[in-house]
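The values are calculated or read from the model by the stated rules, or taken from the named source; none is laboratory data. Fair warning: this is a prediction, and the values are worked out from it, not measured in the lab. Positions of Cβ are backbone-derived with ideal geometry, glycine not excepted, and every protein chain shown enters the neighbour counts.
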Amino acid sequence: MLAKLLFIDDEAQILEAYEDLFNKNSSNQLDDLLDNLDISTGANSNTKFSEQNEYEVHTANQGIEGIKLVQNALEEDAPFQVAFIDMRMPPGINGAETAKRIRQIDPDIEIVFVTAYSDIDLGKIVSEIGKPDKLLYLKKPFDSQEVKQLALNLSVKYFNTKIKDRFLANVSHELKTPLASILGFSQLLQDEDEDVTEEEKVEFLDIIYKNATLMKSLIDDLLSTVTDKKKSINKERMSVNSILNFVISTLKPEAQKKDLGLTLNCEVESFIYADRNKISQCFINVIGNAIKFTPKGSVTVTSSEDKENVYIKIQDTGIGIPSEYTEEIFKRFVRVEDDHHNVPGFGLGLSIVSAIVQEHNGSISVESKLGSGSLFTLRFSKVP
Ligand code: ADP
């Protein structure tokens, strides 16, 4: 991800100094900070800025020009993360007015006032512009490290907030939908004025049960993301076939409800060194997805081995995954956004799988053809 910075100052020399400052490579600092982010914000590996080009620097020597840049950036769906604004910029509008208008256009941008004057009534400015948590003040002459540090911290803060907001919106949407259905149908069953037939009762109870099950699996995903890091891992030698048999029998009812074939073919009895609960969850997520995203046909699970590794392949005849998503879907909160993939979820399942696979020194990959199906391959080291 690229952080876009805007510098508005009427002094050409200062603008040049900003440009020089950010053209030098500052990747290490940025990545170090990102690596240390809290997992529960979902902002670690997903928010990495690109390796070479962490910042895109834009400059304007008058407030009006800066406001236009902010407007254009929003229209192009590539907003600025931070604006550094000089307080006095004759002959044009001053920094406070510039910030006020920028804030009206883009409520999320982080603003830093830069000024050499001490006669500024910050309290008044803050009350006029609003969002005091997104306003900072930097005194000129500034220390270049200070500017860099601010740009870094504020960009990270900006992206974290975006990720959190999107996640919370998704969580509340995904949980509210089944809950509304549970409430609605249970009310119908309770209401004595409603003329509910015995047949309808069975149907409504089934809907309630299905929605409660859906909520449970969503909540399980959520909880495992928040708590998994702290859970210890207990590895033991185990049979891949026995785990797969257990997972398949757990998921069989799901497949049957959709009239899908669900088969398991184990070429040989293979063993791996793994945490039973985690590895089961890993297979449940991948095979569960295969069932979820396959409207008709079948899901086939096979296990095989070579000299060193055990391979578990999950082939479905489902809707497939667009090629631009085949790497992205393993990241937290990423879901394919098209009409076919419109199935409830948080985009967490495969990121959990990815973390588990890494903890077991294994790997996961996917090949897929849109409209005809996907093949997920998991690899783990074999043990005798
Ligand atoms: P969730 O299923 O909760 O959305 P996941 O992390 O498990 O989250 O999956 C991320 C996305 O990858 C899904 O939303 C879906 O778009 C896509 N996906 C995963 N597995 C499949 C599959 N077998 N077929 C088609 N799309 C899939």
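Looking at region 144-173, which of its residues are of a type outside the set (A, V, I, L, M) and more than 17 Å from Val82 (Cβ to Cβ)?
Quick first cut of region 144-173, residues of a type outside the set (A, V, I, L, M) only: 144-146, 148-149, 153, 155, 157-162, 164-167, 170, 172-173.
Selection gives Lys164, Asp165, Arg166, Phe167, Asn170, Ser172, His173.
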### Message
Any residue in region 278-297 that is without any contact (Cβ under 8 Å) to a residue 60 or more places away in the chain and under 30 Å from Arg237 (Cα atoms) sitting within a Cβ distance under 8 Å of a residue that is near the ligand (Cβ under 8 Å from one of its atoms) and among the charged types (D, E, K, R)? List the pairs, counting only those 6 or more apart or interchain.
### Response
Ile291/Asp316
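Confirm whether Ile291 is among the aliphatic types (A, V, I, L, M), modelled with pLDDT under 90, within 25 Å of Gly347 (Cβ to Cβ) and within 12 Å of the ligand (Cβ to nearest atom).
Details: among the aliphatic types (A, V, I, L, M): yes; modelled with pLDDT under 90: no; within 25 Å of Gly347 (Cβ to Cβ): yes; within 12 Å of the ligand (Cβ to nearest atom): yes.
No, not satisfied.
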### Task
Could you identify the single residue in Ser354, Ser368, Ser363, Ser303 that is among the small types (Gly, Ala, Ser) and more than 30 Å from Pro384 (Cβ to Cβ)?
Ser368
### Query
Within region 306-334, how many residues turn out to be polar (S, T, N, Q) and not in a strand (DSSP E or B)?
3
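Listed here are the residues, each with its yes/no results for (1) closer than 18 Å to Arg379 by Cβ; (2) in contact with a Pro (Cβ under 8 Å, 6 or more places away or on another chain); (3) more than 16 Å from the ligand (Cβ to nearest atom).
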| residue | (1), (2), (3) |
| --- | --- |
| Glu236 | no, no, yes |
| Cys266 | yes, no, yes |
| Ala274 | yes, no, yes |
| Val286 | yes, no, no |
| Thr317 | no, no, no |
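Report, by residue number, each residue of region 335-362 that is of a type in the set (A, V, I, L, M, F, W, C) and assigned to a loop (DSSP other than H, G, I, E, B). Reasoning before the result, please.
Within region 335-362, the subset of a type in the set (A, V, I, L, M, F, W, C) is 336, 343, 346, 348, 350, 352-353, 355-357.
Across region 335-362, the qualifying residues are Val336, Val343, Phe346, Leu348.
Within region 126-146, which residues are loosely packed, with under 10 Cβ neighbours inside 10 Å and either among the aromatic types (Phe, Trp, Tyr) or more than 20 Å from Glu16 (Cβ to Cβ) (or both)?
Looking only at region 126-146, we keep the residues that are loosely packed, with under 10 Cβ neighbours inside 10 Å, and these are 133, 141.
Of everything in region 126-146, just one residue is loosely packed, with under 10 Cβ neighbours inside 10 Å and either among the aromatic types (Phe, Trp, Tyr) or more than 20 Å from Glu16 (Cβ to Cβ) (or both), namely Asp133.
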### Task
For region 338-348, indicate whether the set of residues that are within 8 Å of the ligand (Cβ to nearest atom) and within 30 Å of Pro384 (Cα to Cα) is non-empty.
no
### Query
Residues in region 310-327 that are free of Cβ contacts under 8 Å to residues at least 24 places away in the same chain and not hydroxyl-bearing (Ser, Thr, Tyr): how many?
2
### Query
So which of Val353, Val366, Val301, Val383 ends up being in contact (Cβ under 8 Å) with a residue 12 or more places away in the chain, within 17 Å of the chain's Cα centre (by Cα), more than 7 Å from the ligand (Cβ to nearest atom) and under 23 Å from Cys266 (Cα atoms)?
Val353
### Task
Return the total of residues in region 181-207 being farther than 25 Å from Pro344 by Cα, part of a helix (DSSP H, G or I) and not charged (D, E, K, R).
2
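Within region 106-154, which residues are aromatic (Phe, Trp, Tyr) and part of a loop (DSSP other than H, G, I, E, B)?
Selection gives Tyr117, Phe142.
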### Query
Can you tell me which residue in region 336-350 is modelled with the highest pLDDT, limited to those that are farther than 18 Å from Asp220 by Cα and under 14 Å from the mean Cα position of the chain (by Cα)?
Val336
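From Gly66, Gly123, grab the single residue that is over 30 Å from the mean Cα position of the chain (by Cα) and surrounded by 15 or more Cβ atoms within 10 Å (Cβ to Cβ). Quick ask: steps written out before the conclusion?
Details: Gly123 fails: surrounded by 15 or more Cβ atoms within 10 Å (Cβ to Cβ).
Step by step, each of Gly66, Gly123 is checked, and only Gly66 is over 30 Å from the mean Cα position of the chain (by Cα) and surrounded by 15 or more Cβ atoms within 10 Å (Cβ to Cβ).
Would you say Gly371 is assigned to a loop (DSSP other than H, G, I, E, B) and within 8 Å of the ligand (Cβ to nearest atom)? Steps first, please.
Details: assigned to a loop (DSSP other than H, G, I, E, B): yes; within 8 Å of the ligand (Cβ to nearest atom): no.
Spelling it out, it is not the case that Gly371 is assigned to a loop (DSSP other than H, G, I, E, B) and within 8 Å of the ligand (Cβ to nearest atom).
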